[in-house]
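Taken together, the values in this text are just the output of simple stated rules run on the coordinates, not laboratory data. Remember, it's a predicted structure, so these values are computed and weren't measured experimentally. In this analysis, Cβ positions are derived from the backbone assuming ideal geometry, glycine residues included, and neighbour counts consider all displayed protein chains.
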């Protein structure tokens, strides 16, 4: 088995993380173009999990074949995945912070969309949380800041990667005999 270093793991992870982050930024704009608010729409979270999972898979596969003679330990897969989803979360958070700073109408548009979404689901919220709970949720929307949005978005990307990385690491692992 070839000797590998943490540097080679990080280099491969960075390469795929950059492409993944770029892909997620494009998806963010496409979502807005088709009329879905990517900061509210739950299907966006589903796509995040799929896209991040695909890029983690290719990162681990690349490392396994090009750097590690066809072997991949579980811990290596977890490390590679950690690098990918952390870098993706940080890059996307930076993009979103810049976007929210450059577009002063983005935060009010988010609040408007979030209020409309919550109002559409009013019956469900009132049933689960009561009228007071619904009003607290509604009032909370007005308190949301740009920082809240980009931190929340980064955390969602990291959590998405956190959950798919072990599955992919198990699927791709192969220990030397």
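Checking the a/c ratio against 1.5 first, then a/b against b/c, what shape does the Cα gyration tensor give for the range 106-165? It would help to have the intermediate numbers written out before the result.
Numbers: a/c = 2.50, a/b = 1.48, b/c = 1.69.
Here the range 106-165 falls in the oblate category.
Roughly how large, in nm² to one decimal, is the mean projection of the convex hull of the alpha-carbon atoms in the range 7-68?
Numbers: hull surface 16.9 nm².
Average projection, Cα convex hull of the range 7-68: 4.2 nm².
With the cut-off at 14 Å, report for the range 49-117 the share of all Cα pairs above it, as a whole percent. Please list the in-between numbers first.
Details: 1624 of 2346 pairs.
Percent of Cα pairs beyond 14 Å in the range 49-117: 69.
Percent relative contact order of the range 23-177, based on C-alpha pairs within less than 8 angstrom and at least six residues apart? The partial results should precede the final answer.
On the way: 138 pairs, mean separation 65.4, N = 155.
Computed over the range 23-177, the figure is 42 percent.
Could you tell me the center-to-center distance, by alpha carbons, between the range 1-66 and the range 139-169 in angstrom?
15 Å
Taking 0.36 nm per residue of sequence separation and subtracting the Cα-Cα distance, how much length would be gained by fully extending the chain between residue 174 and residue 102, in nm to one decimal? List each step's numbers first, then the result.
Values: separation 72, 0.36 × 72 = 25.92 nm, distance 4.67 nm.
Full-extension gain reported as 21.2 nm.
Can you pull the one-decimal nm distance between simple spin-label points at residue 10 and residue 49, each 7 Å off the Cα toward Cβ?
3.1 nm
Across every pair of different alpha-carbon atoms, what Kirkwood hydrodynamic radius in Å does the range 3-141 reach? Walk me through the numbers on the way to the answer.
Numbers: mean 1/r = 0.0576 Å⁻¹.
One over the average 1/r among Cα pairs gives 17.4 Å for the range 3-141.
On each of the three principal axes of the Cα atoms of the range 138-177, give max minus min coordinate, whole Å, ordered largest first.
Taking max minus min along each principal axis of the Cα atoms, the range 138-177 gives 59, 17, 7 Å.
If we count other beta carbons within 10 Å of each Cβ, what is the order of 157, 15, 175, fewest first? Display every interim value, and only then the final one.
Numbers: 157 27, 15 15, 175 8.
Fewest-to-most ranking of 157, 15, 175: 175, 15, 157.
Just want the ordering: 40, 12, 170, 56, from fewest to most Cβ atoms lying within 10 Å of their own Cβ.
170, 40, 12, 56
Based only on other Cβ atoms within 10 Å, what is the fewest-to-most ordering of 69, 62?
Details: 69 13, 62 16.
Arranged by neighbour count, lowest to highest, 69, 62 become 69, 62.
Nearest 10 degrees, 0 to 90: what angle lies between the long axis of helix 42-62 and the longest principal axis of the chain (Cα atoms)?
Rounded to the nearest ten degrees, it is 10.
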